[in-house]
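*Asks:* Before I ask anything, let me first share the structure, which is written out below as structure tokens.
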2 protein chains.
Amino acid sequence: MASDHTRSAILAAAERLYADRGFGDVTLRDIVAEAGVNLAAVNYHFGSKDELIAELFVTRSVQTNRERLRELKAAEEQGGGRAPIEVILRALVGPTLRGCLGPENQRSTAARFMIRASIESVPPIRRIKNREIDHLRKFAASMRRSLPERSEVDIYWGLNFALAMAHHTIRESERLIKLSEGKCDLEDVEDVVGRVVSVATMTLTAAKVEAKSRALARDAR
Amino acid sequence: MASDHTRSAILAAAERLYADRGFGDVTLRDIVAEAGVNLAAVNYHFGSKDELIAELFVTRSVQTNRERLRELKAAEEQGGGRAPIEVILRALVGPTLRGCLGPENQRSTAARFMIRASIESVPPIRRIKNREIDHLRKFAASMRRSLPERSEVDIYWGLNFALAMAHHTIRESERLIKLSEGKCDLEDVEDVVGRVVSVATMTLTAAKVEAKSRALARDAR
DNA sequence: GATAGTTTCATACAAATGTTTGAATTGCAA
DNA sequence: TTGCAATTCAAACATTTGTATGAAACTATC
């Protein structure tokens, strides 16, 4: 199988360029120039441009998902099959937030690539994301074990909102900083994780508050 | 200025096609074919493809923003300058959710277009979104008046999370339905609005719970 | 009804881009 | 070394795409 030199040079160059400039205006010619290889090499090694993008994304996705499951499993084992909901949620959103936020200058290429993927959402990536459901089901199952008295629907909504806060904060981090004039410190990642987890935990535990507030809100209609 | 026939036919056709098939694979030729007009008409009336997209998006955006501000203003006047936080949040996320969720078959073209714009995020639209900050500032100000004891940073985070839940739910509605096997009913829009508002309200009011949960979560690290 | 301004149309342009081709080169095994 | 497969390369291909052009058709004003 010889050395992967060309193949990995393409992957590295592509990830860097996509991270810096987005999928929209990076062409195969840009990539091969950056990688110092021939144009045809991309199709030879990956088949097509889309398959190259897909490979980049799956690689990073499985890394994140592995990390998430590692944390989840550790928490469940420690709790004898039942982990506290905060810890489950932390395993869900922590790895992504830690990977994508933090000081800008020390954000890895991989992280910046994943942020791009989250913002631009190009077809090959969308296709892969649709297969992520099985992964999320594991978290839903764990959350049900953690909060057996909670309805299934509420669990799914809690999961949805937790992901919402994490992903939206990453996607719109620039806007949040501008809106708050820098007062929201997105470089303090653990604070962000804590905020997301605590809000999501509230969603799933503070039954009365939620019901009351929802009723109140409905009246106001 | 003659009749707007061609111009509005292009706008209508473009919005419909973009809503149905996304920005990625709709060309000017598709649009003019659907509109029954000449190819050159787009550049004649709009200058460029991007300006056409921009016009579509600003039109729908100002509609939503107007609706939001109308609700906000009504609430503040009723409360003599201070509106309850739930009502402010409802004015923030209600119009968008009501416009984009609900029974699929009765979702307007405009709504479906805005969902696309939220998912695909094409350059001309991104440029416009960046100017939306002034609009959000009005909500931040209103929220500060409503919760004067709350820190400014917490207000911004609450605003961020409220938008996060609303937009993410719209963006990923399909996935949430699939994940929950239809148990999360996104057609009951008022229920969704209520959930988002109540969670966001909790974020901003349940100080002790949040602090405690955040500390707990930090320990678990 | 002539004229000037606006709008429409067919067509051409120009550039970008992913992909393919077939020959050249390389590396390794027999 | 010879032979064979894998890899690299330059070049060309084939489309697709947004945009520009200039003539024709239309409209309203005087």
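The values are calculated or read from the model by the stated rules, or taken from the named source; none is laboratory data. Every value quoted in this text rests on a predicted model; they were computed, and no experiment measured them. Cβ coordinates were reconstructed from backbone atoms using ideal geometry, including for glycine residues, and neighbour counts include every protein chain displayed. Note: accessible area is taken over every heavy atom of the protein model, side chains too, but ligands, DNA and RNA are not part of it. Shrake-Rupley method; radii C 1.70, N 1.55, O 1.52, S 1.80 Å.
*Asks:* Looking at B:I10, is it open to solvent by less than 30 Å² (accessible area, probe 1.4 Å) and within 16 Å of DNA strand C (Cβ to nearest atom)?
*Replies:* yes
*Asks:* Collect the residues in segment A:125-156 that are under 17 Å from the mean Cα position of the chain (by Cα) and within 11 Å of chain B (Cβ to nearest Cβ), keeping them in residue-number order.
*Replies:* Matches in segment A:125-156: A:R126, A:K129, A:N130, A:R131, A:E132, A:I133, A:D134, A:H135, A:L136, A:R137, A:F139, A:A140.
*Asks:* Examine segment A:26-35 for a residue that is open to solvent by less than 40 Å² (accessible area, probe 1.4 Å) and either closer than 29 Å to A:D134 by Cβ or in contact with a Phe, Trp or Tyr (Cβ under 7 Å, 6 or more places away or on another chain) (or both), and state whether such a residue exists.
*Replies:* There is at least one residue in segment A:26-35 that is open to solvent by less than 40 Å² (accessible area, probe 1.4 Å) and either closer than 29 Å to A:D134 by Cβ or in contact with a Phe, Trp or Tyr (Cβ under 7 Å, 6 or more places away or on another chain) (or both).
*Asks:* Going through segment B:45-67 one residue at a time, which ones are in contact (Cβ under 8 Å) with a residue 40 or more places away in the chain and charged (D, E, K, R)?
*Replies:* Passing the criteria: B:D50, B:E51, B:E55, B:R60.
*Asks:* Which residue is modelled with the lowest pLDDT, if the candidates are limited to segment A:1-22 and must be among the small types (G, A, S) and outside any helix (DSSP H, G or I)?
*Replies:* Top of the filtered list is A:A2.
*Asks:* Tell me the residue from A:P123, A:P95 that is closer than 16 Å to A:V197 by Cβ and open to solvent by 10 Å² or more (accessible area, probe 1.4 Å), please. I'd like the intermediate steps shown before the answer.
*Replies:* Values: A:P123 fails: closer than 16 Å to A:V197 by Cβ.
Criteria check complete, one pass: A:P95.
*Asks:* Moving to a separate point now. Taking the conditions exactly as written (more than 9 Å from every other protein chain (Cβ to nearest Cβ), outside any helix (DSSP H, G or I), of a type outside the set (D, E) and surrounded by 18 or more Cβ atoms within 10 Å (Cβ to Cβ)), does B:G182 satisfy them or not?
*Replies:* Against the criterion (more than 9 Å from every other protein chain (Cβ to nearest Cβ), outside any helix (DSSP H, G or I), of a type outside the set (D, E) and surrounded by 18 or more Cβ atoms within 10 Å (Cβ to Cβ)), B:G182 does not qualify.
*Asks:* Oh, and also: Hey, which of the helices (runs of 4 or more DSSP H) in segment A:23-109, taking only ones fully inside, have at least 2 residues that are more than 16 Å from DNA strand C (Cβ to nearest atom)?
*Replies:* Details: elements: A:28-35, A:40-46, A:49-78, A:85-100.
By residue number, A:49-78, A:85-100.
*Asks:* If I go through segment A:157-174 residue by residue, how many of them are more than 23 Å from B:L176 (Cβ to Cβ) and either modelled with pLDDT of 95 or more or under 13 Å from the mean Cα position of the chain (by Cα) (or both)?
*Replies:* 0
*Asks:* Right, next: How about segment A:17-30: which of its residues are within 13 Å of DNA strand D (Cβ to nearest atom) and without any contact (Cβ under 8 Å) to a residue 24 or more places away in the chain?
*Replies:* Scanning segment A:17-30 gives A:T27, A:L28, A:R29.
*Asks:* Assess whether A:V42 counts as being over 24 Å from A:H135 (Cβ atoms), among the hydrophobic types (A, V, I, L, M, F, W, C) and outside the structural domain of A:M143 (by TED's automatic domain parsing).
*Replies:* Numbers: over 24 Å from A:H135 (Cβ atoms): yes; among the hydrophobic types (A, V, I, L, M, F, W, C): yes; outside the structural domain of A:M143 (by TED's automatic domain parsing): yes.
Yes.
*Asks:* Taking A:R60 and the conditions (1) assigned by TED's automatic domain parsing to the domain that holds A:R116; (2) under 19 Å from A:L163 (Cβ atoms), which numbered condition does it fall short on, given that it satisfies the others?
*Replies:* So A:R60 meets the others, but not (1).
*Asks:* Which condition number does A:F57 fail, the rest of (1) over 24 Å from A:C100 (Cα atoms); (2) surrounded by 18 or more Cβ atoms within 10 Å (Cβ to Cβ); (3) aromatic (F, W, Y) being met?
*Replies:* Only one criterion in (1) over 24 Å from A:C100 (Cα atoms); (2) surrounded by 18 or more Cβ atoms within 10 Å (Cβ to Cβ); (3) aromatic (F, W, Y) is unmet by A:F57, namely (1).
*Asks:* Where residues in segment A:69-91 are touching a residue at least 60 places away in the same chain (Cβ under 8 Å) and under 16 Å from the mean Cα position of the chain (by Cα), which of them is surrounded by the most Cβ atoms within 10 Å (Cβ to Cβ)?
*Replies:* Among those that are touching a residue at least 60 places away in the same chain (Cβ under 8 Å) and under 16 Å from the mean Cα position of the chain (by Cα), it is A:L89.
*Asks:* Here's a check for you: in segment B:127-150, which residue that is open to solvent by less than 90 Å² (accessible area, probe 1.4 Å) and not in a helix (DSSP H, G or I) is nearest to B:S61 (Cα to Cα)?
*Replies:* That would be B:L147.
*Asks:* B:A13 - would you say it is more than 11 Å from DNA strand D (Cβ to nearest atom) and not assigned by TED's automatic domain parsing to the domain that holds B:V189? Even if it seems obvious, please write down each step before you answer.
*Replies:* Numbers: more than 11 Å from DNA strand D (Cβ to nearest atom): yes; not assigned by TED's automatic domain parsing to the domain that holds B:V189: yes.
Against the criterion (more than 11 Å from DNA strand D (Cβ to nearest atom) and not assigned by TED's automatic domain parsing to the domain that holds B:V189), B:A13 qualifies.
Conditions tested, residue by residue: (1) in contact with a helix residue (DSSP H, G or I) (Cβ under 8 Å, 6 or more places away or on another chain); (2) of a type outside the set (D, E); (3) over 21 Å from A:P95 (Cβ atoms).
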| site | (1), (2), (3) |
| --- | --- |
| A:G47 | no, yes, yes |
| A:D50 | yes, no, yes |
| A:I53 | yes, yes, yes |
| A:Q63 | yes, yes, no |
| A:E67 | yes, no, no |
| A:A75 | yes, yes, no |
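*Asks:* Let me ask another. Which pairs do you get when a residue that is within 18 Å of A:A162 (Cβ to Cβ), found in segment A:125-141, comes within reach of a residue that is open to solvent by 70 Å² or more (accessible area, probe 1.4 Å) and assigned to a helix (DSSP H, G or I), reach meaning Cβ atoms under 8 angstrom, with the pair 6+ apart or on two chains?
*Replies:* Close Cβ pairs (under 8 Å, with a partner that is open to solvent by 70 Å² or more (accessible area, probe 1.4 Å) and assigned to a helix (DSSP H, G or I)) amount to A:I133/B:K178.
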